[in-house]
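Have a look at the structure below, then the notes.
Nothing in this text is a laboratory measurement; each read-out follows from the coordinates by a stated rule. Being a predicted model, the structure only gives us computed values, none of them experimental. Every residue, glycine as well, gets a Cβ built from its backbone with ideal geometry; the counts of neighbours run over all protein chains shown.
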Amino acid sequence: MARNKPRLAVWKFASCDGCQLSLLDCEDELLAVADALEIAHFPEATRTAVRGRYDLSLVEGSITTPHDAERILEVRRRSQHLVTIGACATAGGIQALRNFADVNEYAAIVYARPDYIRTLATSTAIADHVRVDFELRGCPINKHQLVEVISAFLAGRRPVVPPHSVCIECKLKGYVCVMVARGTPCLGPVTHAGCGALCPSYDRGCYGCYGPNETPNTRSLSHWLAKLGVDERTLQRLYRTFNASAGPFREEGGRHGA
């Protein structure tokens, strides 16, 4: 019998599962997605696993082990479209802090028998290993953006996910700029929108959860942050969080902290 519904697969690599939970949190929207798709592989939600090829694969997590470096090649081979979801999959995640240190030293501190650990020296984005059709940023991702991505691929069009900065979200919601009005360090000017300006809504600076926006002027932002009294070490730490290995953040973080 011919398949009538496109097949969806959701894959986990090195991550906390938060982005997969965002899909489960869609609630009513998830029911509509489930009606339009055959959920063929999604261990977070069901034990059912349909083998074969998949029309759309959503991949959460970064590549941190030799086994996962091999496994992602198989996922790509079996997927017509592959979309990475979340900071781990798009930029290596918080675990990419190992990229700036000695991973063996970390393992020796954390594990009683580090010789049992089989890991790579770096944590890297999925796109560093295979072709990716679309990247959805966030830590965790915005569930409404996720539904838009799935809907777009079902309709055969490009997803509509605004590339502007968090500052635009602040303006749309009428929030006072925490950096201008209160002198609070904020990564909003260089960070991809999607969170709804969550931290500024509580009078806190943006932490850069959604990674760099389309054209981030990180050097200019660092200049103004320094004028607010942010020292070199703190500047480096601001850029080395959830998206530490994302290109513009990695480069700007490397300019500070010496």
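Below are the figures for this structure:
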{"item": "Extension gain (nm, one decimal) between Phe100 and Cys177, 0.36 nm per residue minus Cα-Cα", "result": "24.5 nm"}
{"item": "Highest-first arrangement of 178-184, 78-84, where packing means the average Cβ count within 10 Å", "result": "78-84, 178-184"}
{"item": "Estimated inter-spin distance, Ala121 and Asp133, nm [label 7 Å along Cα→Cβ]", "result": "3.5 nm"}
{"item": "Top of Arg137, Arg113, Arg240 by mean-square fluctuation, Gaussian network on the chain, Cα under 10 Å", "result": "Arg113"}
{"item": "Projected-area average for the chain over all orientations - Cα convex hull basis, square nanometres", "result": "15.5 nm²"}
